[in-house]
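FYI, it's all coordinate maths here, none of it is from the lab. All figures in this text were calculated on a predicted structure; none of them were measured in a lab. Using ideal geometry, Cβ is built from the backbone for each residue, glycine included, and neighbour counts are taken over all protein chains shown.
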Amino acid sequence: MATAHATAHDDHAHGHVGLEYHPGLPISNGKLIVWLFLSTEIMFFAGLIGTYIVLRFGAPTWPLPHEVHLSEPIGAFNTFVLICSSVSVVLCMESAKKNNTSAAKGWLLTTFVLGCVFLGVKMYEYNAKFSHGIYPALPHSRIYEKADLNYASAVRLRLEALRSGLDAESAAIKERYAEDPAGLEQNADLAEINERLALVSKLTADAQAVETTAATANNVTASRAALNGLANKIMPLGHHPGDESGDAHHGLNDEHHWLKLPIVIPGGNMWASTYFLLTGFHAIHVIVGLIVFAMMIPMTLGVMATGFIENIGLYWHFVDLVWIFLFPLLYLF
Amino acid sequence: MTHHGHQHAHGSMHDDAHAGDHGHDVGISKYIYVFLALCVLTGASFFTYSSLWPFHSQPAIGWTFMMAVSCTKAMLVILFFMHVKYEANWKYVLTIPAAFMSLFLLLALVPDIGMRSRWTAEERQQFMAEPRDAGHGEIVKHGEEHAEPAAH
């Protein structure tokens, strides 16, 4: 290195003062960049988490984990997965330091698989929300903040849309069997459609009755009671962790998945916005880490690669660190 | 003189990148202990969810406990997995300003908490979430009794 430096010095010796630059901090440029990047990341997540806390404790009400289909054991499992992956990154670096390339490759693959497990579990969790109509925004979100007339009419509109869809399907089947009445009678699809139509008309009548009661009731309590009854039939709200009485998730939407009726979760919209924003940004960080790990798989992970492994390790530990705070804040608070 | 300085700087850079930790050898066993501690601490914050946790009625106790546990876990990860415990003094150059700036960021949010009031505009109240009454699910159960006759 000293020789290389001497040559460089000669190249620039034509009347210039030979300036020497040495790093301000006794670490490699790569590590410096990673640490600087991580300090911006600390501020990024401090802002997000701080905002979440302000919104969560400033909200008039906040849903319980069960009401938004959040499973604490799954969250704890994912925390465990990320901690394991942090350990495997560290062990990967230790193996590389000892020039034990095959062991380092093994630990790298372990980390990669654990990262994928984390994302897989996250996808499963997201799917549980989506299948219940919990999205951060319209048009997919079916969350209403309270059971009011606005909500009741949304239920009625959804039922009307269902009815016209089912009517069209039934008409199409009848047309197909126009010259075969025997075949039409045995058609299983049509039988199911008729069953669904019967349910939809019963529910429409119920919803209309509730709407009428709510609009004409001469006191607020009776009106609210009718509307809350409707919301509760569609999706009952959850229970406290200690409370074992009753099934928390057994409403019309769970019995008949095709209904997809609007639901009432007080505070649910703000919850969905913050949950998907925080976990989404964290998941993006996990994906970036996994891309780098995937790129490292063909590399020789010997002594020469230790610096690189250390840098990606620092990033990965930071991702773990963020989850350490997100898990209690989102699942247990 | 300058040459020597350069070589020295490069030498320590080399140490950092390859041998690491300025001679401190972080044994594998230390990582295993930290890992076990992290698992126990995760279990500890998960314990607040179980029915054995005695402070379900006072959530603030659980929140404080969980944040203390999370900070401990974060410190373990930073000190041992990120090797900060074994780094030279340069670590303060990068971590202290970042810590201060995130502190300022959080302080900037304080007015949002302090200036919050119970007063809401009428049009907001119209669509605002309604807090459940004391006794969870009370409104709903109450509503169900009254809704049945109305629905039929």
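What FRET efficiency comes out for B:Val110 versus A:Asn150 if R0 is 30 angstrom and r is the Cβ-Cβ distance? Round to the nearest 0.05.
On the way: r = 35 Å, r/R0 = 1.16.
So, using R0 = 30 Å, E works out to roughly 0.30.
What's the extension gain from B:Tyr86 to B:Met101 if we count 0.36 nm per residue and subtract their Cα-Cα distance? Don't skip to the end; give the middle numbers.
Values: separation 15, 0.36 × 15 = 5.40 nm, distance 2.41 nm.
Contour length minus Cα-Cα distance gives 3.0 nm.
Suppose each label sits 7 Å from its Cα in the direction of the beta carbon; what would the B:Ala121-A:Asn218 distance come out to in nanometres?
Those two pseudo-labels are separated by 3.6 nm.
Of the peptides B:96-102, A:72-78, B:121-127, how do they stack up when ordered by the mean number of other Cβ atoms within 10 Å, highest first? Mind showing how you got there, number by number?
Values: B:96-102: 14.1, A:72-78: 18.0, B:121-127: 9.1.
In descending order of packing, they fall as A:72-78, B:96-102, B:121-127.
Need one value for A:22-33: mean number of C-beta atoms belonging to other chains within 10 Å of its residues' C-beta atoms. Please list the in-between numbers first.
Numbers: counts 8, 6, 3, 10, 13, 10, 6, 2, 1, 6, 4, 0.
Going residue by residue through A:22-33 and averaging, the value is 6.
Taking a threshold of 21 Å on the Cα-Cα distance, which of the pairs A:Lys98/B:Lys73; A:Lys31/B:Lys73; A:Lys122/B:Lys30; A:Lys31/B:Lys85 fall above it? Write out the running numbers ahead of the final one.
On the way: A:Lys98/B:Lys73 28 Å; A:Lys31/B:Lys73 23 Å; A:Lys122/B:Lys30 30 Å; A:Lys31/B:Lys85 16 Å.
Long pairs (Cα-Cα over 21 Å): A:Lys98/B:Lys73; A:Lys31/B:Lys73; A:Lys122/B:Lys30.
Longest segment of chain A with no GluC sites (Glu not before Pro) in a DSSP loop having at most 13 other Cβ atoms within 10 Å? Show your work: numbers first, answer last.
Details: sites that count: A:Glu20, A:Glu179, A:Glu244.
Longest gap between qualifying sites, sites excluded: A:21-178.
For the range A:31-100, what number results from the quotient of the Cα radius of gyration and 2.2 N^0.38 Å?
Dividing the Cα Rg of the range A:31-100 by 2.2 N^0.38 Å gives 1.66.
Output wanted: per-residue J couplings in Hz (rounded whole) for the range B:61-75, from phi through Karplus 6.51 cos²θ - 1.76 cosθ + 1.60, θ = phi - 60°, x for Gly and Pro.
Values, residue by residue: 5, x, 4, 4, 4, 5, 5, 5, 4, 5, 5, 4, 4, 4, 4 Hz.
Please compute, for the alpha-carbon atoms of chain A, the extent along each of the three principal axes and give them in descending order in Å.
Extents along the principal axes, in whole Å: 95, 56, 47.
Expressed as a whole number of Å, what is the distance separating the alpha-carbon centroids of the range A:283-320 and the range A:51-128?
Centre-to-centre distance over Cα atoms comes out at 15 Å.
Starting from 0.36 nm per residue, how many nanometres of slack lie between A:Ala161 and A:Phe37 once their C-alpha separation is accounted for?
Taking A:Ala161 through A:Phe37 to full extension adds about 39.6 nm, to one decimal.
What number do you get for the range A:64-144 when its Cα radius of gyration is normalised by 2.2 N^0.38 Å, N = residues? Could the numbers behind the result be given before it?
Working: Rg = 17.9 Å, N = 81, 2.2 N^0.38 = 11.7 Å.
Output field value: 1.53.
Extending each Cα 7 Å along its Cβ direction at B:Gln58 and B:Thr72, get the distance between those two points in nm, one decimal.
1.9 nm
Within a 10 angstrom radius of each residue's Cβ in A:315-328, how many Cβ atoms of other chains show up on average? Whole number is fine. Don't skip to the answer; put the middle values down first.
Details: counts 1, 2, 7, 4, 0, 6, 8, 1, 0, 12, 6, 1, 6, 13.
Taking all residues of A:315-328 together, the mean is 5.
Rg over Rh of the range A:114-269, using C-alpha atoms and the Kirkwood radius, what does it come to? Don't skip to the answer; put the middle values down first.
Values: Rg = 19.1 Å, Rh = 17.9 Å.
The Rg/Rh ratio comes out at 1.07.
Ratio to report: Rg/Rh of the range A:79-122, with Cα atoms as the point set and Rh obtained by the Kirkwood method; give two decimals. Walk me through the numbers before you get to the answer.
On the way: Rg = 10.8 Å, Rh = 10.3 Å.
Here the Rg-to-Rh quotient is 1.05.
Ignore the peptide's own chain and count Cβ atoms of other chains within 10 Å of each Cβ in A:215-223; give me the average, rounded. Display every interim value, and only then the final one.
On the way: counts 0, 0, 2, 0, 0, 0, 4, 4, 2.
Counting Cβ atoms of other protein chains within 10 Å of each residue's Cβ and averaging gives 1.
Cβ neighbours within 10 Å, averaged per peptide: list B:52-65, A:258-271 in order, most packed at the top.
Descending mean neighbour count gives A:258-271, B:52-65.
Placing +1 on the Cβ of each Lys and Arg and -1 on the Cβ of each Asp and Glu in the range A:171-226, which of A:Ala205, A:Ala215, A:Ala171 has its Cα farthest towards the positive end of the resulting dipole?
About the Cα centre, the residue reaching furthest to the positive side is A:Ala215.
Where nothing but the Cβ of Lys and Arg (+1) and of Asp and Glu (-1) is charged, how large is the charge dipole of the range A:72-174 around its Cα centre, in debye to the nearest 20?
Working: 11 positive and 8 negative charges, 50 e Å.
Computed charge dipole of the range A:72-174: roughly 240 debye.
Which length gain, in nm to one decimal place, applies between A:Phe44 and A:Met123 when the Cα-Cα distance is subtracted from 0.36 nm times their residue separation? Don't skip to the answer; put the middle values down first.
Values: separation 79, 0.36 × 79 = 28.44 nm, distance 2.36 nm.
Additional length available on full extension: 26.1 nm.
Quick one: if you stick a label point 7 Å off each Cα along the C-beta vector at B:Ala44 and B:Ser29, how many nm between them?
My value for the distance between the label points is 2.3 nm.
Select from chain A the helices, each a whole stretch of DSSP H, whose alpha-carbon atoms run 18 Å or more along the helix axis and whose Kyte-Doolittle mean is at least -0.5; answer none if there are none.
Passing helices, by number: A:29-58, A:72-97, A:101-130, A:149-176, A:188-216, A:220-234, A:268-296, A:306-327.
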